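Colleague: Here it is, the structure in full.
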């Protein structure tokens, strides 16, 4: 972990001080080192336990779940190399992850909870589309092999991992703080009734989820045809004006936010549209949220929207992991070793956030970059330089304390080498 922090990269060859140290790292990560029982799950479980301890004081906790692709477009020989999308939507090589962070609404701090990496090319990965075809007895390429895997029950996919992570995290947070009001914040990746039922019925917790515009409501037109939830007119309505709003990379001035809501069976639907000063809708489609929270007035509906917007905090975590710690720079081929390095990076990032003393990623990144000589430039290079200098500061401080070097002696040594103070 010290190597990852001080070098600011997941490239182990770069992080190691020697070829011998690099070989030892690899042997430990791929399991060849019999004296070590290092496992990614142990790192992840430890992180969740530690994070939950920091949340025992909170009256309200929002848990943000989000996937993040580890893109490896130039990798070819890496084990279990799966398929993901690049920023332009193209299919490239890479790995998938499920991640979760927690925030307390009244605080700035971000608490990293859990990370799990997997590959959709794993022999035990079974797409939900294949499961749907098997359940309907539809033939497809490889259906015999898929059927055996399905009947064995020894399979996984994005959905099974999502359900497992939400349940495990929700239970861990609740066990640590039984009186806290826990809300799971989900993006469109989780637009599935099973997720909502798990949170509502099994965990007895709340959810706020953005859903796809194709989701169907329980309302039908005069001809009996189902209507999209996005296209239905909600009974309740309210709006608020703003002078300046930064949203989705845009700066909108003198506009208004229109929020409408409606109860449907076991949930409330909230629709949000943003208009500019001319009255034109800023986005082609509005935002549609579902929640099991009670909405009795406009302020409640607005709070649902504001809580969902906090989801952006996990995007800053991914940005820090990828730009500050080189999350996608891994150059090893063993998949289990890759999972461990990714988990270590996530754990290291959690440490950096915790010592940030409730500063957001933006504030903390600026501080680290300045420490690293950025002079106003916040780049990966200056962030990692700041991390290195910070660690050296702690390491030297511990050394001086252990050796009982007085401040007078420290001043004398600095002056002797022309450093001053």
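The values are calculated or read from the model by the stated rules, or taken from the named source; none is laboratory data. This is a predicted model, so every value here is computed, not measured. Using ideal geometry, Cβ is built from the backbone for each residue, glycine included, and neighbour counts are taken over all protein chains shown.
Colleague: Return a yes/no flag: does segment 76-97 have any residue that is in contact (Cβ under 8 Å) with a residue 40 or more places away in the chain, loosely packed, with under 14 Cβ neighbours inside 10 Å and more than 22 Å from residue 155 (Cα to Cα).
Modeller: yes
Colleague: Does residue 227 satisfy the condition of being in contact with a strand residue (DSSP E or B) (Cβ under 8 Å, 6 or more places away or on another chain) and either crowded, with 19+ Cβ neighbours inside 10 Å or outside the structural domain of residue 293 (by TED's automatic domain parsing) (or both)? Walk me through how you get there before you give the answer.
Modeller: Numbers: in contact with a strand residue (DSSP E or B) (Cβ under 8 Å, 6 or more places away or on another chain): yes; either crowded, with 19+ Cβ neighbours inside 10 Å or outside the structural domain of residue 293 (by TED's automatic domain parsing) (or both): no.
No: the conditions fail for residue 227.
Colleague: Restricting attention to segment 219-231, which residues are over 32 Å from the mean Cα position of the chain (by Cα) and either in a strand (DSSP E or B) or modelled with pLDDT of 90 or more (or both)? Even if it seems obvious, please write down each step before you answer.
Modeller: Residues of segment 219-231 that are over 32 Å from the mean Cα position of the chain (by Cα), as a first pass: 219-227.
Listed by number, the residues that qualify are 219, 220, 226, 227.
Colleague: Going by the structure shown, is residue 47 under 19 Å from residue 117 (Cβ atoms), at pLDDT below 95 and in a helix (DSSP H, G or I)?
Modeller: On the way: under 19 Å from residue 117 (Cβ atoms): yes; at pLDDT below 95: yes; in a helix (DSSP H, G or I): yes.
In short, yes.
Colleague: For the list (1) over 29 Å from residue 367 (Cβ atoms); (2) buried (at least 17 other Cβ atoms within 10 Å of the Cβ); (3) assigned by TED's automatic domain parsing to the domain that holds residue 46, I need the number of the one condition that residue 257 fails.
Modeller: Unmet for residue 257, out of (1) over 29 Å from residue 367 (Cβ atoms); (2) buried (at least 17 other Cβ atoms within 10 Å of the Cβ); (3) assigned by TED's automatic domain parsing to the domain that holds residue 46: (3).
Colleague: Here's a follow-up. Hey, could you check segment 184-202 for residues that are part of a helix (DSSP H, G or I) and in contact (Cβ under 8 Å) with a residue 40 or more places away in the chain and say which is farthest from the chain's Cα centre (by Cα)?
Modeller: First pass over segment 184-202, keeping only residues part of a helix (DSSP H, G or I): 188-190, 193-202.
The next check asks that each one be in contact (Cβ under 8 Å) with a residue 40 or more places away in the chain; those that pass are 189-190, 196, 199-200.
Working: 189: 13, 190: 13, 196: 19, 199: 18, 200: 22 Å.
The extreme case among them is 200.
Colleague: Looking at the structure I just gave you, is residue 262 loosely packed, with under 14 Cβ neighbours inside 10 Å and not in a helix (DSSP H, G or I)?
Modeller: Working: loosely packed, with under 14 Cβ neighbours inside 10 Å: no; not in a helix (DSSP H, G or I): yes.
When the stated conditions are applied, residue 262 does not pass them.
Colleague: Condition first: surrounded by 17 or more Cβ atoms within 10 Å (Cβ to Cβ), under 21 Å from the mean Cα position of the chain (by Cα) and assigned to a loop (DSSP other than H, G, I, E, B). Can you find one or more residues in segment 281-300 that meet it?
Modeller: no
Colleague: Considering 134, 126, which residue is outside the structural domain of residue 59 (by TED's automatic domain parsing), over 19 Å from residue 342 (Cα atoms), in contact with a strand residue (DSSP E or B) (Cβ under 8 Å, 6 or more places away or on another chain) and without any contact (Cβ under 8 Å) to a residue 60 or more places away in the chain? Explain how you work it out, then say what you get.
Modeller: Working: 134 fails: in contact with a strand residue (DSSP E or B) (Cβ under 8 Å, 6 or more places away or on another chain).
126 is the lone residue from the list that is outside the structural domain of residue 59 (by TED's automatic domain parsing), over 19 Å from residue 342 (Cα atoms), in contact with a strand residue (DSSP E or B) (Cβ under 8 Å, 6 or more places away or on another chain) and without any contact (Cβ under 8 Å) to a residue 60 or more places away in the chain.
One line per residue, one yes/no per condition, for (1) surrounded by 15 or more Cβ atoms within 10 Å (Cβ to Cβ); (2) at pLDDT 80 or above; (3) over 25 Å from the mean Cα position of the chain (by Cα):
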site: 311; (1), (2), (3): yes, yes, no
site: 329; (1), (2), (3): yes, yes, no
site: 338; (1), (2), (3): yes, yes, no
site: 372; (1), (2), (3): yes, yes, yes
site: 388; (1), (2), (3): yes, no, no
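Colleague: Related question: Only one of these conditions is not met by residue 306: (1) in the same structural domain as residue 25 (by TED's automatic domain parsing); (2) surrounded by fewer than 21 Cβ atoms within 10 Å (Cβ to Cβ); (3) modelled with pLDDT of 90 or more. Which number is it?
Modeller: (1)
Colleague: A further question on this structure: Would a scan of segment 118-132 turn up a residue that is under 30 Å from residue 365 (Cα atoms), at pLDDT 95 or above and within 20 Å of the chain's Cα centre (by Cα)?
Modeller: Looking for residues that are under 30 Å from residue 365 (Cα atoms), at pLDDT 95 or above and within 20 Å of the chain's Cα centre (by Cα), one finds at least one in segment 118-132, hence yes.
Residue by residue, here is whether (1) farther than 17 Å from residue 218 by Cβ; (2) modelled with pLDDT under 95 holds:
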{"position": "244", "(1), (2)": "yes, yes"}
{"position": "248", "(1), (2)": "yes, yes"}
{"position": "253", "(1), (2)": "yes, yes"}
{"position": "258", "(1), (2)": "yes, no"}
{"position": "271", "(1), (2)": "no, no"}
{"position": "276", "(1), (2)": "yes, yes"}
{"position": "280", "(1), (2)": "yes, yes"}
{"position": "286", "(1), (2)": "yes, yes"}
{"position": "290", "(1), (2)": "no, no"}
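Per-residue answers, yes or no, for (1) buried (at least 20 other Cβ atoms within 10 Å of the Cβ); (2) assigned to a helix (DSSP H, G or I); (3) in contact with a strand residue (DSSP E or B) (Cβ under 9 Å, 6 or more places away or on another chain):
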position	(1), (2), (3)
108	no, no, no
116	yes, no, yes
130	yes, yes, no
139	no, no, no
169	yes, yes, yes
178	no, no, no
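Colleague: Being within 16 Å of residue 305 (Cβ to Cβ) and either free of Cβ contacts under 8 Å to residues at least 12 places away in the same chain or in a strand (DSSP E or B) (or both) is the filter here; which residues of segment 241-259 pass it? I'd like the intermediate steps shown before the answer.
Modeller: To start, the set of residues in segment 241-259 that are within 16 Å of residue 305 (Cβ to Cβ) comprises 241-242, 245-248, 252, 255-259.
Residues satisfying the conditions are 241, 242, 245, 246, 247, 252, 255, 256, 257, 258, 259.
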